[in-house]
Amino acid sequence: MAYVTPPRQQPDAPAPTAGVPASVDAAVGPAAPDGVSAPAPSPPPAERAGPGVSVWDTLGGVGAMVLVGSSIVASSSLVTAPLFTAQGLRYAMAAGLLVGAARLSGRRVRLPHGVEWLWLAAVAGAGLVVFNVALVHGVEHAEPAVLGVAIACVPLLLALGGPLLDGQRPAGRLLGAAALVTVGAAMVEGFGHTDAAGLAWAAVVFAGEAGFTLFAVPVLRTLGPYGVSVHTTWMAAGAFAVLGVVTEGAGAVTDLPGRALLATVYLAVAVTAVAFVLWYGCVQRVGAGRAGLLTGIAPIAATVGGVVVGGPVPALTVWLGVLVVAVGLAVGLGRR
């Protein structure tokens, strides 16, 4: 899950050796047999429970989107780095950090079983691997704003698909709020030029970003935020390792410059390990539909971060977009 367009892929770079961290065995238990030690189902999301969502329910999602938006600064340091290698290293580090955090906090991260493997593979494949690959190719045909607008449309799909996955009918009020957030986020991102291939890649980016949340909904109640985060990150690490070896060479990890390594560490710790747990915890509490509204915060955080590091002050259209996002959040998360 990332919100900003990554740097272009460098052809001659290596890939990390990634996979399940060695420490997983200590923190990841075997699949619990039915009726024995399987975790209790989580409480139903707020979409079922009541007309409004508390501030505490959404703070984790807000924090996750702020961290995702901040990744634009870190990503700028990866322009000359082997992209797939850096991504593989990022997800391998994040998986190790998540396993360690689970052990320290006493959380049991069990191995999935049955169809859970398919849902997790879909999250890692669509939401992490395909999403990032689509960004790499999309930036060759479209300006970053085009891909940003594609991601800004995700709240609408989550407002529709999230309740359906929970066995409910999508609420008109939530769909209206998602439309407002989408329009506001698009105003913040701006619009850019593209060709037909760029539009196709933008559609893949949109689908991948939505899949990161929607494919996780069926397994969040049994595996929890930590379980989903641990297993999807090591799966993505393995996939990016293969891509890195094939496209960038087997030793590219040793060629990462210092700034790129620091950026990769930040992406692994803040934008992956921390943000994933915060985001999936929010989705578990309030439901994918309402949590999806918070994705409109990411482009705002990215814009503010750009100003902090010396970028230009946003135009009036951007500030109007921020206002529209705020109205959409108030409509979708507030009480009737």
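Overview of results
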item	result
Unique match (being surrounded by fewer than 17 Cβ atoms within 10 Å (Cβ to Cβ) and under 15 Å from the mean Cα position of the chain (by Cα)) among VAL269, VAL217	VAL269
Number of the condition not met by GLY258 [criteria: (1) open to solvent by 20 Å² or more (accessible area, probe 1.4 Å); (2) in contact (Cβ under 8 Å) with a residue 12 or more places away in the chain]	(2)
Pairs, first under 13 Å from PRO218 (Cα atoms) in the stretch 99-119, second among the aliphatic types (A, V, I, L, M) and in a helix (DSSP H, G or I), C-beta under 8 Å, six or more apart	PRO112/LEU120; PRO112/VAL219; PRO112/LEU223; GLU116/VAL219; GLU116/LEU223; TRP119/VAL219
Filter result for THR233 (modelled with pLDDT of 95 or more, buried (at least 19 other Cβ atoms within 10 Å of the Cβ) and assigned to a helix (DSSP H, G or I))	yes
Residue within the stretch 284-301 that is touching a Phe, Trp or Tyr at 6+ places or on another chain (Cβ under 6 Å), crowded, with 24+ Cβ neighbours inside 10 Å and aliphatic (A, V, I, L, M) present	yes
Verdict on VAL304 being part of a helix (DSSP H, G or I) and either open to solvent by 30 Å² or more (accessible area, probe 1.4 Å) or in contact with a His (Cβ under 8 Å, 6 or more places away or on another chain) (or both)	yes
Test set (1) in contact with a strand residue (DSSP E or B) (Cβ under 7 Å, 6 or more places away or on another chain); (2) of a type in the set (Gly, Ala, Ser); (3) open to solvent by 40 Å² or more (accessible area, probe 1.4 Å) - ALA196 fails condition number	(1)
Output for the stretch 144-189, where each listed residue is open to solvent by 60 Å² or more (accessible area, probe 1.4 Å) and in contact with a helix residue (DSSP H, G or I) (Cβ under 6 Å, 6 or more places away or on another chain)	LEU156, LEU165, LEU180, VAL183
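The values are calculated or read from the model by the stated rules, or taken from the named source; none is laboratory data. These numbers were taken from a predicted model, which means no experiment stands behind them. With ideal geometry, Cβ positions are generated from the backbone for all residues, glycine too; neighbour counts draw on all protein chains shown. We work out accessible area using only protein heavy atoms, side chains counted, and drop any ligands, DNA or RNA first. Shrake-Rupley method; radii C 1.70, N 1.55, O 1.52, S 1.80 Å.
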